[in-house]
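Worksheet: one structure, shown below.
The values are calculated or read from the model by the stated rules, or taken from the named source; none is laboratory data. All values reported here derive from a predicted model rather than from experimental measurement. Note that we place each Cβ from the backbone using ideal geometry, even for glycine, and neighbour counts take in every protein chain shown. Side chains included, ligands, DNA and RNA excluded: accessible areas come from the protein's heavy atoms. Shrake-Rupley method; radii C 1.70, N 1.55, O 1.52, S 1.80 Å.
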Amino acid sequence: MSGFFAVFRREVRIRRLVFVAAALAALIPFIVTLARGVHGDVAADERASIAFIVAIAFAFGMAVGLGASMAASAIANRQIAFDFARPLSSLDIAVGRAAAAWVLALGSAAIVMLPTLVVGGRLPSADFVTDPRLERTWPLVVCGAVFLIFAASHALGVATRSRSPLLALDAVLCGGAGLAIAGVLGRLPAFLAATPRWNVEAGLAIAVVVALAASGYASVARGRTDIRASHHVLSSSFWGIIGVSVAAAASYAAWVRGARPADLRDFGTMPAPRGSWVALQGKARGATATFLFDTATGRAARPITIDWRGPTISLDGRRAAWVRASERGGPFDVFTLALDATDPKPAATKVSLPSYPDLFVLSPDGGRLASFVDGVLSIDDLGSGRTLASARVVGDRGLVRGFFLDPDRLRVYVQPEPSGRTGVLEISELDARTKTLTRLGSRELPAGGVHLTADRAGERLVAVEWPTRRAVLLDGRTGAEIATLGKGDVGASRWPRFLADGRVALSESSDAAAVIRVFDRGGRPEREVPLHSRRIVLGGELAPGRLIAASGDEGPERWRTFVVDVDGGTVRPVGDGLVPTALLGASYAPNAFPEAGSEATRLFLREGRELVSLDPGTGRLRVVLRGRASKP
Amino acid sequence: MSDPVRLEALTVRYGRRTACESVTLAVPPGAVYALLGRNGAGKSSLVRCLLGQQRASSGRALLFGGDAWKTRRRAMDRTGVVPEEPDAPPAMTARQLSEFCARVYPRWDERAVAERLSRFAVPETTPFGRLSKGQKGEVMLALALGHSPELLVLDDPTLGLDVVARRALCEEIVGELADRGTTVFLTTHDLAAFEGIATRVGILKEGRLALDEDLEALRARFRRIRYTNRLTETRTAYGTELDEFHAMRVQVRGWGIDAVVSNFDEAAFERLRAVDGVENVEASAMPLEEIFLAVAGEEKREGAAA
């Protein structure tokens with residue numbers, strides 16, 4: 001250590017005039033405020049700001065200057081030979097000089113700030129440090145930055161003074177590393193993998209610091225008095241570390257992107273209205289992950305999309321589509337997956353959307369796409385990429401929902417953004433053959449808007465109004481009220497479901513009791529099935545008339561699931577901790593709930609990490625997909 | 001006891017250029033080794049490798065039996081160095097430099113350094129960068145001797161010094177040798193200054209060690225031979241009479257033949273005298289400078305008979 005301190009002390013002593021210069025610079029804030037004629041608190045604030053700027057400029061400027069001169073020039077002109085001709089270790093020489101530079105830079109910055117601190121009584125950085133994470137740590141950040149700048153300046157100093165052809169290789173490697181890092185980060189876009197991306201960014205930042213420190217030391221220890229050898233060692237060690245780090249980052253990115261459905265934790269599901277496919281969304285290997293998963297075969301594809309825009313699955317369950325997300329912004333390409341193919345692979349269509357759509361539904365056969373983007377409603381043919389019809393929707397269009405009645409006709413329901421005031425639900429149809437948007441009807445809306453569920457043909461709607469929770473049966477075309485299904489008790493939860501035969505089931509549950517009411521097609525009450533549970537939601541129809549109901553009255557982890565025979569009035573428990581996946585079926589479109597008896601009606605999420613299928617005959621559960629336990 | 005200095009097939013290359021190639025030599029304890037060579041012969045590269053300041057392209061440089069690159073720090077404890085270009089920090093005074101060395105060397109004689117500087121009349125409080133070239137050399141020598149090294153390495157120490165400074169430096173080295181028998185390895189152009197000190201000489205020629213020999217033996221085998229040969233038709237050529245002397249440089253003058261030979265011995269010389277036609281034969285000893293010129297300079301043979 002004596003060698004280190006000898007070098008350190010000598011280097012500081014040689015440059016001690018820097019502290020005098022800093023002391024003179026410390027007067028700048030006082031001179032400026034005096035010249036501007038400001039007094040009191042204003043002067044204190046102004047002095048603090050100026051002192052902070054001057055101090056940081058001093059520290060960083062010193063780091064640049066000392067980094068370029070303290071060792072790099074000493075190697076280039078061989079003055080460092082004086083130290084290597086003494087019984088000093090390379091560590092003493094390199095670290096002694098670096099520590100001296102660090103102390104000189106930070107010491108001079110402290111001297112610049114000291115008088116202002118003494119007179120003003122507050123930290124001058126307050127105006128500049130706005131990130132709450134840096135409120136206490138910014139001095140450490142400045143200390144680290146000074147070291148980083150010193151090390152980078154040293155590296156540049158060695159590289160440029162060597163006048164070696166290696167400099168050209170450095171430039172090439174720098175460009176290559178930049179491209180490689182951009183490539184790695186490109187594979188981990190923020191919308192998809194914010195945490196892994198942050199891990200990579202932090203890891204690479206640490207790698208750069210380590211590489212600069214290690215290669216800087218190596219350039220002195222292994223280069224000694226030969227500037228070209230010094231540059232060679234510096235480059236090889238720096239690019240070696242950076243290369244390994246970038247390769248590790250690339251491997252990590254590939255690992256994150258290579259996640260499979262079994263890697264999912266805390267995932268949600270949206271089953272296809274028909275068939276065995278299901279969309280899974282959750283976290284896998286630290287990233288947001290969406291999968292299309294075939295529960296029958298275990299096949300899977302991973303759409304790269306943001307969770308609120310896809311994938312959507314056609315009513316026939318044969319095609320999925322999604323908007324491929326991009327960090328660069330629009331236009332966004334639409335991709336599809338043929339779910340009935342032997343080896344389904346995501347395929348780009350010729351359809352692209354200028355921004356993320358508010359409405360995104362497929363026609364029943366999956367051949368056409370309806371979207372609502374920036375106020376324009378469109379029907380596109382996915383095969384040819386042609387826009388078959390489009391129309392601008394005027395007025396307040398906070399929430400747009402809709403579905404295809406057939407491949408040519410699109411029904412849309414437009415309601416304003418809930419604003420605490422009443423509004424109007426507008427009902428229209430866009431026809432691809434006539435290329436016209438026809439207004440069909442409208443209906444007054446309560447302040448909180450409505451949640452809509454439609455029958456498959458779009459003839460009838462159940463609207464649950466907010467915040468009153470009143471449930472009404474409406475004409476799907478005109479919005480005219482057919483019947484009131486439930487009203488009163490605003491604390492109650494009402495959950496509608498159109499049954500396969502056209503009847504309507506409505507669950508009503510509160511903290512006190514739960515009941516499933518069954519109505520005929522005209523909305524007339526038929527039957528009530530009481531349930532000894534609270535907070536009931538309705539899943540799919542396991543078979544016509546046999547409805548899945550689930551109770552989450554003891555918290556989501558303690559769900560209890562039943563099969564309710566709406567005709568016989570019997571209730572049979574299925575099991576605990578099972579959440580019906582068909583709960584979310586209506587998210588695609590108001591009429592896109594799973595078909596009675598489809599695979600989706602038998603699928604349940606168990607403990608948030610297992611997808612299980614119920615055998616209606618035996619009542620046995622089969623694990624379809626085992627995900628990972630959620631992190632505490 | 002291992003040799004303080006040993007080079008084993010040392011080669012230094014800078015890209016395609018070879019500074020020195022396969023140099024092998026050893027300096028035993030107490031010897032004064034003078035490595036001679038023209039500018040660019042590779043002397044400084046060799047010294048830097050020897051001091052562990054530069055890595056050899058191949059081969060090894062050993063200091064006190066240890067690899068100079070790997071054991072530099074320990075070796076420097078026993079070694080004093082006077083570089084070709086004085087490299088002390090220019091802002092420090094001689095006294096500060098001595099104080100710095102006192103913290104670095106386990107045994108440092110500040111008083112001896114101060115006395116030496118006083119003897120050299122070097123101002124102790126003037127920054128090193130403002131000293132004259134000669135004074136800088138003297139400070140470097142004082143610092144090199146401050147820890148009583150077992151080995152003193154001097155890289156062209158008299159380069160750029162005036163006569164007075166050169167003499168003072170040489171006297172100091174002589175004094176050091178007389179006091180402690182320090183081993184000295186030096187490179188120099190200044191053959192005259194060190195001729196009286198050196199015990200062994202090496203000559204680097206185009207990166208290769210052309211000669212490595214005790215100075216006395218060298219002096220004994222190198223001679224200048226002058227003679228006339230009346231049988232030579234035109235007197236502008238010579239025959240085979242110099243063959244056994246290994247003539248390195250032969251010039252045919254108007255008066256006769258002037259040759260520098262590297263393999264002189266008295267018996268051969270007597271045989272030369274007896275050669276028919278050879279007259280006015282004389283042999284004279286050569287100063288080191290002339291030997292160096294003969295070895296390091298261009299080989300020159302004029303008028304050799306076919």
Apart from one, (1) closer than 19 Å to A:Val571 by Cβ; (2) loosely packed, with under 14 Cβ neighbours inside 10 Å all hold for A:Ser507; the odd one out is (2)
Single unsatisfied condition, A:Leu578 versus (1) crowded, with 20+ Cβ neighbours inside 10 Å; (2) within 28 Å of A:Val361 (Cα to Cα): (2)
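Taking the criterion of being of a type in the set (Gly, Ala, Ser) and closer than 24 Å to A:Ala94 by Cβ, would at least one residue in the stretch B:9-31 satisfy it?
First, pick out the residues of the stretch B:9-31 that are of a type in the set (Gly, Ala, Ser): B:9, B:15, B:19, B:22, B:26, B:30-31.
So of that shortlist, the ones also closer than 24 Å to A:Ala94 by Cβ come out as none.
So far as the stretch B:9-31 goes, no, none of its residues is of a type in the set (Gly, Ala, Ser) and closer than 24 Å to A:Ala94 by Cβ.
Might you check whether a residue that is within 14 Å of chain B (Cβ to nearest Cβ) and of a type in the set (A, V, I, L, M) occurs anywhere in the stretch A:22-42? Let's see the steps before the verdict.
Restricting attention to the stretch A:22-42, the residues satisfying the condition of being within 14 Å of chain B (Cβ to nearest Cβ) are none.
No: the stretch A:22-42 contains no residue that is within 14 Å of chain B (Cβ to nearest Cβ) and of a type in the set (A, V, I, L, M).
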Report, by residue number, each residue of the stretch B:64-81 that is more than 8 Å from chain A (Cβ to nearest Cβ) and touching a Ser or Thr at 6+ places or on another chain (Cβ under 9 Å). B:Phe64, B:Gly65, B:Gly66, B:Gly80
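If we scan the stretch A:171-194, do we find a residue that is more than 31 Å from the chain's Cα centre (by Cα), loosely packed, with under 15 Cβ neighbours inside 10 Å and either basic (Lys, Arg) or more than 14 Å from chain B (Cβ to nearest Cβ) (or both)?
Step one: filter the stretch A:171-194 for residues more than 31 Å from the chain's Cα centre (by Cα), giving A:171-173.
Applying the additional criterion that residues be loosely packed, with under 15 Cβ neighbours inside 10 Å yields A:171-172.
Still in the running and either basic (Lys, Arg) or more than 14 Å from chain B (Cβ to nearest Cβ) (or both): A:171-172.
Yes - at least one qualifying residue is present in the stretch A:171-194.
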Can you tell me which residues in the stretch A:229-279 are of a type in the set (Asp, Glu) and part of a helix (DSSP H, G or I)? A:Asp263
B:Ala285 meets each of (1) open to solvent by 60 Å² or more (accessible area, probe 1.4 Å); (2) within 22 Å of B:Glu195 (Cβ to Cβ); (3) modelled with pLDDT under 85; (4) not acidic (Asp, Glu) with one exception, condition (3)
Residues in the stretch A:212-228: is at least one open to solvent by 20 Å² or more (accessible area, probe 1.4 Å), part of a helix (DSSP H, G or I) and within 14 Å of another protein chain (Cβ to nearest Cβ)? yes
Single unsatisfied condition, A:Phe82 versus (1) of a type in the set (Phe, Trp, Tyr); (2) within 14 Å of chain B (Cβ to nearest Cβ); (3) over 11 Å from A:Arg224 (Cα atoms): (3)
Could you list all residues from the stretch A:307-355 that are assigned to a strand (DSSP E or B) and among the acidic types (Asp, Glu)? A:Asp333
Of the criteria (1) part of a loop (DSSP other than H, G, I, E, B); (2) surrounded by fewer than 24 Cβ atoms within 10 Å (Cβ to Cβ); (3) touching a residue at least 12 places away in the same chain (Cβ under 8 Å); (4) within 14 Å of chain A (Cβ to nearest Cβ), which one B:Gln54 fails: (2)
All positions within the stretch A:62-79 that are away from every other protein chain (no Cβ under 14 Å) and surrounded by 24 or more Cβ atoms within 10 Å (Cβ to Cβ): A:Met62, A:Ala63, A:Leu66, A:Gly67, A:Ala72
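Any residue at all in the stretch A:12-22 that is at pLDDT below 90, surrounded by fewer than 21 Cβ atoms within 10 Å (Cβ to Cβ) and of a type in the set (Val, Ile, Thr)? Reasoning before the result, please.
Of the stretch A:12-22, the ones at pLDDT below 90 are none.
Among the residues of the stretch A:12-22, not one is at pLDDT below 90, surrounded by fewer than 21 Cβ atoms within 10 Å (Cβ to Cβ) and of a type in the set (Val, Ile, Thr), which makes the answer no.
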State all residues of the stretch A:356-371 that are in contact with a strand residue (DSSP E or B) (Cβ under 7 Å, 6 or more places away or on another chain) and open to solvent by 30 Å² or more (accessible area, probe 1.4 Å); if no residue qualifies, say none. A:Tyr356, A:Asp358, A:Pro364, A:Arg368
Where a residue in the stretch A:7-19 is over 14 Å from B:Cys101 (Cβ atoms) and more than 8 Å from chain B (Cβ to nearest Cβ) and its partner, wherever it lies, is open to solvent by less than 50 Å² (accessible area, probe 1.4 Å) and of a type in the set (Lys, Arg), with Cβ under 6 Å and at least six apart: A:Glu11/A:Arg97
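Can you name the residue in the stretch A:195-211 that is open to solvent by 60 Å² or more (accessible area, probe 1.4 Å) and more than 15 Å from A:Ala247 (Cα to Cα) and, of all such residues, is nearest to the chain's Cα centre (by Cα)? Quick ask: steps written out before the conclusion?
If we filter the stretch A:195-211 for residues that are open to solvent by 60 Å² or more (accessible area, probe 1.4 Å), which is where we start, we get A:195, A:198-199, A:201, A:206, A:210.
Remaining after also requiring more than 15 Å from A:Ala247 (Cα to Cα): A:195, A:198, A:210.
Numbers: A:Thr195: 9, A:Trp198: 12, A:Val210: 29 Å.
Of everything passing the filter in the stretch A:195-211, A:Thr195 is nearest to the chain's Cα centre (by Cα).
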Of the residues in the stretch A:254-274 that are touching a helix residue (DSSP H, G or I) at 6+ places or on another chain (Cβ under 6 Å) and more than 28 Å from A:Pro590 (Cα to Cα), the one that is least open to solvent (accessible area, probe 1.4 Å) is A:Val256
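I'd like to check something: does the stretch A:508-531 contain any residue that is within 19 Å of A:Pro616 (Cα to Cα) and at pLDDT 90 or above? Spell out the reasoning first.
To start, the set of residues in the stretch A:508-531 that are within 19 Å of A:Pro616 (Cα to Cα) comprises none.
Within the stretch A:508-531, not a single residue is within 19 Å of A:Pro616 (Cα to Cα) and at pLDDT 90 or above.
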I'm told B:Arg249 meets every condition in (1) open to solvent by 10 Å² or more (accessible area, probe 1.4 Å); (2) within 25 Å of the chain's Cα centre (by Cα); (3) modelled with pLDDT of 85 or more except one. Can you identify the failing condition by its number? (3)
Which of (1) in contact (Cβ under 8 Å) with a residue 60 or more places away in the chain; (2) within 14 Å of chain A (Cβ to nearest Cβ); (3) surrounded by 24 or more Cβ atoms within 10 Å (Cβ to Cβ) is the odd one out, the single condition B:Leu35 does not satisfy? (2)
Kindly evaluate B:Arg111 against the criterion of being charged (D, E, K, R) and either touching a residue at least 24 places away in the same chain (Cβ under 8 Å) or within 14 Å of chain A (Cβ to nearest Cβ) (or both). no
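Restrict the check to the stretch A:280-290 and report whether at least one residue is assigned to a helix (DSSP H, G or I) and hydroxyl-bearing (Ser, Thr, Tyr). First the steps, then the outcome.
Taking the stretch A:280-290 and keeping what is assigned to a helix (DSSP H, G or I), we get none.
Looking through the stretch A:280-290, none of the residues is assigned to a helix (DSSP H, G or I) and hydroxyl-bearing (Ser, Thr, Tyr).
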Which residues, counting only those in the stretch B:6-23, are away from chain A (no Cβ under 14 Å) and on the phi < 0 side of the Ramachandran plot? B:Arg6, B:Leu7, B:Glu8, B:Leu10, B:Thr11, B:Thr18, B:Cys20, B:Glu21, B:Val23
Inside the stretch A:89-98, the number of residues satisfying the requirement of being crowded, with 24+ Cβ neighbours inside 10 Å and either more than 54 Å from the chain's Cα centre (by Cα) or within 25 Å of B:Leu154 (Cα to Cα) (or both) is 1
Selection count, the stretch A:430-456, where residues are in contact (Cβ under 8 Å) with a residue 40 or more places away in the chain and either surrounded by 15 or more Cβ atoms within 10 Å (Cβ to Cβ) or within 11 Å of A:Val412 (Cα to Cα) (or both): 10
Specify the residue that is nearest to the chain's Cα centre (by Cα); the eligible residues are those in the stretch B:82-104 that are within 8 Å of another protein chain (Cβ to nearest Cβ) and open to solvent by less than 10 Å² (accessible area, probe 1.4 Å). B:Ala88
Could you tell me which of the residues A:Leu473, A:Leu485 is surrounded by 20 or more Cβ atoms within 10 Å (Cβ to Cβ), on the phi < 0 side of the Ramachandran plot, at pLDDT 95 or above and not acidic (Asp, Glu)? A:Leu473
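Per-residue answers, yes or no, for (1) within 30 Å of B:Lys43 (Cα to Cα); (2) at pLDDT below 90; (3) among the aliphatic types (A, V, I, L, M):
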{"position": "B:Ala192", "(1), (2), (3)": "yes, yes, yes"}
{"position": "B:Glu206", "(1), (2), (3)": "yes, yes, no"}
{"position": "B:Arg230", "(1), (2), (3)": "no, yes, no"}
{"position": "B:Thr234", "(1), (2), (3)": "no, yes, no"}
{"position": "B:Gly239", "(1), (2), (3)": "no, yes, no"}
{"position": "B:Asp258", "(1), (2), (3)": "no, yes, no"}
